[in-house]
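Shown next, in C-alpha cells, is the structure this report addresses.
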Amino acid sequence: MDSVRFDRPAATPRLPLALKILIAGGFGAGKTTLVSALSEVRPLQTEEVLTGAGIGTDDIYGVEEKSTTTVAMDFGRITINDDLQVYLFGTPGQDRFWFLWDELAFGALGAVVLADTRRLADCFPSVDYFEQRGIPFVVGVNCFDDARRFSLEAVRDALDLDPAVPLVLCDARDRQSGKLVLISLVEHVARQRGEPVPVG
C-alpha cells in the first residue's frame, strides 16, 4: 500500500503590527516637514498653494513666508523591524479641516503636538482635542531659526500642560530630532499603560 504523504502548508507571511501616530499642531508649525523628515518612503502630501481665496481665512501672521498648506493629511511610514511599522498621519492645521480629525485619530497610539513659539496659541486646539479624548500626546517645541527661545518651563506654563505630558525641544527638519520626539511619545504611552518603558 502506498504511503500517504502530508506536506505542511507553506508558512504564511506574518503581517507586521502597525502603530498609528498623529502629527498635529497649528498652521505652519512644521507638521509636513516632520513627516517628510521621518518617513522612509516618499510621503503622501496634500499640499496646496495658498491663494488670495484664503485671505481673511488663513492667518499667516508670523509665518508670512509660508506658501502652501495641507488640505487633508500627510502620510509617512517608518519600519522598526519585520514585525513592527509606524504610520505617521499629519493633520491639517486650519479650523475648516477639523472634520477630518476624528477619522485620522481613530485607532491612534498617540500624537505629537508641534508648537511654534511664534504662534504658541495655535496649538491649544490640538492639546484640547487630545486631552478631551484621552489620547496620549507629547508636545514638541519646533525650534525655528527666527523664533525667540523660551525655556521648557515657560512653554509648559503658557500651554497649561499637565505635568505628566512630556515637553521636548525639536527641529522638525532633522530626522534624529524627530525620532527622539517619537521615542518620548512611546515611552509616555508605556508609562500610562503601566508597561515597561522601552530602553535604547
If I ask for residues that are touching a helix residue (DSSP H, G or I) at 6+ places or on another chain (Cβ under 9 Å) and at pLDDT 95 or above, which ones from the range 134-146 would you list? 135, 136, 137, 138, 139, 140, 141, 142
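Is one or more of the residues making up the range 80-91 farther than 24 Å from residue 144 by Cβ, in contact with a helix residue (DSSP H, G or I) (Cβ under 9 Å, 6 or more places away or on another chain) and at pLDDT 85 or above? So that I can check it myself, show each step before the final result.
At the first step, the residues of the range 80-91 found to be farther than 24 Å from residue 144 by Cβ are 80-87.
Filter once more, keeping what is in contact with a helix residue (DSSP H, G or I) (Cβ under 9 Å, 6 or more places away or on another chain): 86.
Next, only the ones that are at pLDDT 85 or above stay: 86.
Within the range 80-91, one or more residues are farther than 24 Å from residue 144 by Cβ, in contact with a helix residue (DSSP H, G or I) (Cβ under 9 Å, 6 or more places away or on another chain) and at pLDDT 85 or above.
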Return the residues of the range 125-143 that are crowded, with 17+ Cβ neighbours inside 10 Å, over 12 Å from the mean Cα position of the chain (by Cα) and not in a helix (DSSP H, G or I); say none if nothing qualifies. 141, 142, 143
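Looking at residue 160, is it in contact with a strand residue (DSSP E or B) (Cβ under 8 Å, 6 or more places away or on another chain) and either among the charged types (D, E, K, R) or loosely packed, with under 11 Cβ neighbours inside 10 Å (or both)?
So residue 160 does not fit the description; no.
Tell me yes or no: at least one residue of the range 180-197 is hydrophobic (A, V, I, L, M, F, W, C), within 15 Å of the chain's Cα centre (by Cα) and not in a helix (DSSP H, G or I). It would help to see each step written out before you state the result.
Our first condition is that a residue be hydrophobic (A, V, I, L, M, F, W, C); within the range 180-197, this holds for 180-183, 185-186, 189-190, 197.
Adding the requirement that they be within 15 Å of the chain's Cα centre (by Cα) leaves 180-183, 185-186, 189.
With the extra rule that they be not in a helix (DSSP H, G or I), the set shrinks to none.
No: zero hits.
The values are calculated or read from the model by the stated rules, or taken from the named source; none is laboratory data. As the structure is a prediction and not an experimental result, all values here were calculated from the model. For neighbour counting, all protein chains shown are included, and Cβ atoms are generated from backbone atoms with ideal geometry for every residue, glycine included.
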